[in-house]
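The numbers here are math on the coordinates, done by the rules we state, and not lab data. These figures come from a predicted structure and were not determined experimentally.
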Amino acid sequence: MFSNRHAKIMLLVVFAILGFMIATQIKTTERQKTINVQRAEELTERLRVVEQQRDDLAKEMERLQASAGSDKALETELERLKEFAGEVPLQGKGIQLILDDSKVTAQVGENPNLYIIHDDDLLRVINELRAAGAEAISINGERLVSTSEIRCAGPTLSVNNNRSAPPYVILAIGNPSNLASALKLRGGVLDTFKFWGIQADLTMPEVVKVPAFKGRRTFEYAEAAEEHDAAKDGDK
């Protein structure tokens, strides 16, 4: 009797322990599942954040690349405009023309001014060079730009408001053959100089270097004008 009762008690204890172990295992499994789900949700959220950051960085990179390309294009265009405006020194193929007053002594009754270089003489040379396609021109180190002047200043000439005396070294960048041919035309500028004994030495250096414009340019009266539609103006 005692043994049966003892056995029953032992069985109850064993069953209780097994039940507790099973319940604990179930709870542990459920907790592990919950943790795994939470971890999966957390990893999913982290992945979403990382992907969003990646997309944002890709967009920013595209924007920066586009901006860099735009800045580069703007810088290139600005440099090109500076070259046309004479703001930077240039070099290339071209010609060098050195002009000096005539060594011929004027005869009695002749005008001695016929044997010296005047502003009109330089202007004729410059006009011929520009017509022949000169891309940059200088006279005695003075770059000629749209606002440059060549005029008499007593016994000397003024270029860009700076006095200059002969010999006059004229540098021009462009097709050397075209520039030289324009000056050597029969009855042209060099023939006229030769007739009066004015010295003209024309050469074609391998590299011609034209300096940048040294002066200052400002607009006092001019300002940008609004663009007008010619078609609309014609309809009015």
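Give me D for the range 167-231 in µm² s⁻¹, whole number, from Stokes-Einstein with Rh from the Kirkwood sum over alpha-carbon pairs, 4 °C and 1.567 mPa s. Mind dumping the intermediate values first?
Values: Rh = 16.1 Å.
Taking Rh from Cα pairs, D becomes 80 µm²/s.
With contacts defined as alpha carbon pairs under 8 Å and 6 or more residues apart, what's the relative contact order of the range 101-211 in percent?
On the way: 147 pairs, mean separation 36.6, N = 111.
The normalised contact order for the range 101-211 reaches 33 percent.
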